[in-house]
Amino acid sequence: MTQVSVDDIQRELSTYLQRVEAGETLVILRAGKPIAEVKPVVPRVKTLRPFGLCAGEFTVPDDFDAPLPEDILNAFEGK
């Protein structure tokens, strides 16, 4: 980690940002005290879930989309 003052970062922002892009972490100091840490953003690689991930773990009943009984509908509606 490199420590750099607020004045230095303001004068040479693009230089320090290039260093961060290269993987370096900077600690910004004001009056000798650390106030912020600037580090590179690690991109997340979005991976697709494999097809059939849960195959065989459960079965969908034939009547899964059938209307609910009247008493259950009433319970949902607060009647």
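The values are calculated or read from the model by the stated rules, or taken from the named source; none is laboratory data. Computed from a prediction, not measured in an experiment: that's the story for all the values here. No Cβ is skipped: glycine too gets one built from the backbone with ideal geometry, and neighbour counts run over all protein chains shown.
Quick one: how many residues across segment 36-68 are within 30 Å of Val4 (Cβ to Cβ) and small (Gly, Ala, Ser)?
1
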Some residue of segment 16-23 being under 30 Å from Met1 (Cβ atoms), at pLDDT 90 or above and either in contact with a Phe, Trp or Tyr (Cβ under 8 Å, 6 or more places away or on another chain) or of a type in the set (Phe, Trp, Tyr) (or both): yes
Pairs with Cβ under 6 Å, 6+ apart, first in segment 3-14 and under 13 Å from Leu29 (Cβ atoms), second of a type in the set (S, T, N, Q) and surrounded by 13 or more Cβ atoms within 10 Å (Cβ to Cβ): none
Check on Ala31, surrounded by 10 or more Cβ atoms within 10 Å (Cβ to Cβ) and within 30 Å of Met1 (Cα to Cα): no
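Looking at Pro69, Pro34, can you tell me which residue is within 27 Å of the chain's Cα centre (by Cα) and free of Cβ contacts under 8 Å to residues at least 40 places away in the same chain?
Pro34
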